[in-house]
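The values are calculated or read from the model by the stated rules, or taken from the named source; none is laboratory data. The shown structure was predicted, so the numbers you read here are calculated from the model rather than taken from an experiment. Counting neighbours? That spans all protein chains shown, and the Cβs are built from the backbone with ideal geometry, glycine included. Only protein heavy atoms, including side chains, enter the accessible area calculation; ligands, DNA and RNA are left aside. Shrake-Rupley method; radii C 1.70, N 1.55, O 1.52, S 1.80 Å.
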Amino acid sequence: MNRPTLPRIVRRRSGVHGWGVFALQAIPKNTRIIHYAGEKIRTRESRVREARYLERGHIWCFTINHLWVRDAAVGGNIARFINHACRPNCYSEVIGDTIWIRAGRTIAPGEELTYNYYTGGTAEIPCQCVPGCRNQL
């Protein structure tokens, strides 16, 4: 069985925050772009790790469900560098224990990929998705 080819993307410096992920080609709406890789850990363990990461201004843990989380700081891929935006061009989809990042609209070559982290306001990192954004993650 042939697997569909995922779009080409690259990590580079971002105007939003630190590193970002950018499209190297046009990506049609709803296309699976990349899965969010990382160690699968229990939610209670993620709380300890997240506190450490937040001290350095990072969010690496992505909730799968109420029991499990992916920690991209351990075994992650470049999906961990996709930045937050309040009006993103991507969205996440959890299928089983796999987290997919998908295009929420057609994405142009060279455009930075973003999705809403939906942290519920628990993180203490100011949103930088656009100049002057007043939302907190």
Next on the checklist: Report the gain in length on full extension from residue 65 to residue 40: 0.36 nm times residue separation, minus Cα-Cα distance, nm rounded to one decimal.
Outcome noted: 7.9 nm
Checklist entry - Just the accessible area for residue 29, please: 1.4 Å probe, Å², rounded to the nearest 10? => result 120
Checklist entry - Label residue 48 and residue 102 with points 7 Å out from Cα along Cα→Cβ: what is the distance between them in nm? => result 3.5
Checklist entry - For residue 13, what accessible area in Å² do you get when you roll a 1.4 Å probe over the heavy atoms of the protein chains, rounding to the nearest 10? => result 150
Next on the checklist: Give me the net charge for the shell around residue 30: Cβ to Cβ below 14 angstrom, other residues only, Lys and Arg +1, Asp and Glu -1.
Outcome noted: +3
Checklist outcome for this item: Descending accessible area (1.4 Å probe), largest on the left, turns 97, 71 into 97, 71
Next on the checklist: At 0.36 nm per residue, and after removing the present C-alpha to C-alpha distance, how many nm does the segment from residue 56 to residue 78 gain when stretched out fully?
Outcome noted: 6.1 nm
